[in-house]
Each structure stands twice: as C-alpha cells, then as structure tokens.
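Here is the structure we will look at.
The values are calculated or read from the model by the stated rules, or taken from the named source; none is laboratory data. Note that the structure is predicted; figures quoted are calculated from it, not measured. In this analysis, Cβ positions are derived from the backbone assuming ideal geometry, glycine residues included, and neighbour counts consider all displayed protein chains.
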2 protein chains.
Amino acid sequence: MIAVDWGTSSARAYRLGPDGAVLERREGAGGILRVPEGGFPAALAGMIGDWLAAGETRVLLSGMVGSRQGWQEAPYLACPAGLDDLAGAVVPVPFADATVRLVPGLSAGDAAGVPEVMRGEEVQVFGALTRPDEDALLCLPGSHSKWVRVESGRIAGFSTSMTGEAFAALKDHTILGRMMTGTAEPGPAFEAGVARAAEAGGLLHHLFGTRTLGLFGRLAPEDGASYLSGLLIGHEVTSALADGAATGLATVRLVGSGPLMALYGRAIVLAGGEAVAGDPDAAARGLALIGERSAWM
Amino acid sequence: MIAVDWGTSSARAYRLGPDGAVLERREGAGGILRVPEGGFPAALAGMIGDWLAAGETRVLLSGMVGSRQGWQEAPYLACPAGLDDLAGAVVPVPFADATVRLVPGLSAGDAAGVPEVMRGEEVQVFGALTRPDEDALLCLPGSHSKWVRVESGRIAGFSTSMTGEAFAALKDHTILGRMMTGTAEPGPAFEAGVARAAEAGGLLHHLFGTRTLGLFGRLAPEDGASYLSGLLIGHEVTSALADGAATGLATVRLVGSGPLMALYGRAIVLAGGEAVAGDPDAAARGLALIGERSAWM
C-alpha cells in the first residue's frame, strides 16, 4: 500500500510493506495549494507513478487533500472516533491507475460548544499510540497546533491553537519584529518567554513587554524571536496542560518533526508537564493501520 | 498657552485661556512619523504659527514628540509620579518664536519587573482626574492600550496591552481575515467574542474558534471583525479588571475618542466592571495643569 500525508504546504509519500513497515519515503512536489484546479490525478501520478508501475495498487490519502480546497471533500467524522470509525468512512476517489481512498478529518466541540476540526493529524495520533486501548494526551505542534485527548484508544476531543500563525503575523507585521533578527531557538531567551507566560497580565500585555525589554536593553535583537516564541508557546502549553490536568493526564506525547519539537518539549517541561517523543513516522503508521481496516473493493 | 498632544500618527493643538479653557482647537498636519528629519520647528510653525503671531508665547508639547524618533528626547520619569513631578521635569526645546517645553513620558515596572513606558497618556490621565487626591483606574484604548492606576492623585503604575496592533496583524495577515468583511462594531458578534474570552482555553485557542465558527456557518463574514475584536478586547479587559480588583478598583474611567470607546465600554460592563466616560479634552486639560505648574523662564 502507498500512504500519502498531503497537507496544505507539503506532501509526504510512503511505500509500505504488508506489515506496515516503511519501505521507501519521499517528499512530494508540494502541498495542495500548489496543485492547479483538476490537477490532483497528475500530481499524484508525478509523486508515486513509479511505485504504481512497480505493482502497487492501493493508495490511502490523509490531510487537507480531503478538504474543499483539495482533490475531493471527505466530510468530517464527529468525535469520539477510533481507527475503525475512520476506516469505515474512507472516501473513494476516481483515479485510473490504482484504488485511491481518502481518510476523512474529524470534528468536535470544545467545552463551550465551539467547533473544532482537523485533517491529517487524526492519522498521526493513531500512528503514535502504543496500545490500542490507550488513554493519552498528544500535542502536534504547527501553524495551528493540536492537543488531542485519547480515551480507550479513541479520539475523545481536541483543541487547536493558532500559535504558529500568530507568531508569524506578530513578528512580521507589528512593531515587535522591528527589533528582531534571527529565528526562534531553544535557550535562555525562549525559556524567559515561557516563564513570562505563567505570570499575571495576559498575553496581549506580555507582548508589549517584548518591546519594552528590547527598548531597555534587556532583550537583545537576536533573542527577540526566541522570547516571543516562548511567550506564545508558553501560553498555549499552560492552557493545554490545565485542560489535561483536569482529565488526569500530565504526560504529553509530542508528534511531528522539525525545530518546533524541541521548543514544545522544553516549554512543556518548564510548565510542569512531562514530554515524550512520539513515533516520527506516525503518519505512515496511522495510514497503515487504517488501510488494514478499510474495504478496498 | 498653546498645548499640543503630538503622537505617532496624529497631532492635536489647543489654544488655552488663562484658566485652562480651550479657546480653539485643531488637528495638525500629522504625527511625528510624517515629520522629516530636522523638520519639527517648521511643522510646529505650520500648525500654530498664526496663534504665535497673535501673541501666544508659551507652547507645551506631550506625546511621542518627546521620544528618540521625535523632536528631542525627554527622558522617562519613573512612577509613582504626580503633576508636580511632570511639571518639574519639562524639557526646553530651542525654537525661535516662542518658549517651547516637552513633557516627559513615564516609566514603571509591572509586578514581575518588566518595564512599562508611556508618552502622552500620562497627560490625559491627569486631565481626566476629577480631584487632585483621587484613587482611580483609567483605561486609554488604542493600538497599545494603557490601564493606569492612580493613587492619591499620582500615577502609581500602569500596564500596556498590544490589543489594537494584534487585531490588525491577525485580521490582515492570518487566515482569519479571509473570512471577514467590514469593521468591528458593538453588537451581538462583538459581545459573543467578549463572552468567549471569559471561557477556558486561552486566547490562541479562542482565535482558532473564529475560523471554525465561520466554517460551520455560525459566524457571518460581516460579523467576523466584531467577534475578533470582542475576543481580543475581552481578554485585555478581563486581565486588567482582575488587576484592578486586586487594588479594590472596579470602576474604569475611559479616556480617548473614536469607535474604540463604545467597544471598550461594552466589554468592561460585560466583564463585570463599571465604565464611565472621561473628559474628551483630557489632553488639553492635563497640559494646562502642567503648564500652570511649570517654570517658563
């Protein structure tokens, strides 16, 4: 089977063995935003045509490729939802050279009834579980970070924070960015931002402190992005751990890759939680598990 | 005396009678960002040259005109500070046709020792007090909103929130703005945003709800900006009232002008506080009070 985690800005394809092991992996040409209208069959063929020619017949897709802006819309499945629910709701997509299925995203409501949605992360969550009946709290850092509660192996609910996108907007389009050089790195400035997030006054007040600390020479320009990142991730983590504590979960399984993993790991520890790294191939593993359970006829 | 409240993006000039009454007022050509290097004497002459020709000899300036980017830097005075402290610290500025003085800004530290600064708002605060020995909590909405605690007629401390600038960055430079038309208005959508701010989850999570409510048809595009504004102002007001409550102050005197006044007034009431309108000519009145106490030789 071929598994493709196809998001807004990137695509990752995996050729899987019968036991779900990753035999081969590659980055595709780009996310769904780069695919012209009607161009998904050609984009898929370009990404994995040689694997199909070598005999693969099944392709399972997850992520924003199943959104209204993607290849075809796969309606959200409501939480709580487990692996079997996802496998039973895969959507067939017309494609000449193989049987192609889309995994639907999930929807939920938070405590106040405000809707939540995800596409792609649900597959990573199931791929990162270590037992089928597990209770777990998982964090998937990103432009829109997800915190996911798993109860008895099913996704019970989740919460999204616009931390990454807010960071970019504040850094690039407010006065804060004028005093910043470089990127966000783990270290003392990041940790000072996380510590600040635990203090009174609220995020909008803490943001202004980024500027005054710079004005008074207490935050160097090369540390500004790290401090701002610590402030935002610190606020997100503090709120999410408070929610987690309410359900008795203090260990956070971090799922993803790249520089955000180290930043979130450090912020979780500083906020009093425990962070463990999830399987870096969680998307491939999750798609393998869903593929096993899906009807391919 | 002539009083000029000269900020980053606007300038307001007042001709005052001997008792401090406003005889005449005008908007100047623009804020300090529009003044070319070395151009402040000409900009002042252009704004109030006719008043000087008619016999005025004293000009008192406040605001960002006293910053490093302004005419001349007037060092911050540390809080606590009262009218007499400001009057004793005015800075002379060379000008051919009149005696010109700059009112310094104020600095302070918040509970955690992070610096705070203001330039111009301190004058409005003193102009908005109703008794010289008053205890009061004042809010000056804006791009960088200020919440100011006055104890026995002196500014004891203050807190800044980057609410207005964060609103603009999030609306214009994140996915949230794609679903928004129109501007922020008081009304049910604004109030829903304020109510949301009181719920668990934190601001970064609440931001994402702006998107999902739109996706699920529960927030119309023309209501998006009002909801986002309510969310941000709600978070600011909730934190600030918690601080105010700690010092026994629940009535907030709102100082300023424009559409933000109605939004903040409504948010304060919804968050359980009481809002009263301050003197709309607070800047002119504050400069008059400082002018009375200043040495003009």
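Inclusion of residue B:89 among residues that are closer than 29 Å to residue A:202 by Cβ and in contact with a Pro (Cβ under 8 Å, 6 or more places away or on another chain) is not warranted. If you go through the range B:144-153 and keep only what is touching a residue at least 24 places away in the same chain (Cβ under 8 Å) and closer than 18 Å to residue B:261 by Cα, you end up with B:145, B:146, B:147, B:148. Would it be correct to say that residue B:66 is touching a Gly at 6+ places or on another chain (Cβ under 7 Å), under 21 Å from residue B:155 (Cβ atoms) and touching a residue at least 12 places away in the same chain (Cβ under 8 Å)? Criteria met by residue B:66.
When A:163, A:181 are screened for being within 27 Å of residue A:284 (Cβ to Cβ) and among the β-branched types (Val, Ile, Thr), only A:163 passes. If I filter the range A:193-227 down to residues being of a type in the set (S, T, N, Q) and buried (at least 23 other Cβ atoms within 10 Å of the Cβ), which single residue comes out as nearest to the other protein chains (Cβ to nearest Cβ)? The residue in question is A:210.
Here the condition is being in contact with a Cys (Cβ under 7 Å, 6 or more places away or on another chain) and modelled with pLDDT of 95 or more; of A:128, A:156, A:168, it holds for A:156 alone.
From the list A:183, A:160, A:130, the lone residue that is within 7 Å of chain B (Cβ to nearest Cβ) and closer than 30 Å to residue A:14 by Cβ is A:160. When we screen A:245, A:250 for residues that are over 18 Å from residue A:199 (Cα atoms) and either of a type outside the set (A, V, I, L, M) or without any contact (Cβ under 8 Å) to a residue 12 or more places away in the chain (or both), the only hit is A:245.
Selection of the range A:104-123 for residues being crowded, with 18+ Cβ neighbours inside 10 Å and either out of contact with any Leu (no Cβ under 6 Å at 6 or more places or on another chain) or among the charged types (D, E, K, R) (or both) yields A:105, A:107, A:108, A:110, A:114, A:115, A:116, A:117, A:119, A:120, A:121, A:122.
Those helices (runs of 4 or more DSSP H) of the range B:193-272 in which at least 1 residues are outside the structural domain of residue B:127 (by TED's automatic domain parsing) and of a type in the set (Asp, Glu), considering only elements entirely within it, cover B:224-246.
May I ask you to verify whether residue B:241 is at pLDDT 95 or above and within 19 Å of the chain's Cα centre (by Cα)? The answer is no for residue B:241. Counting the residues of the range B:175-192 that are crowded, with 23+ Cβ neighbours inside 10 Å and among the hydroxyl-bearing types (Ser, Thr, Tyr) gives 0.
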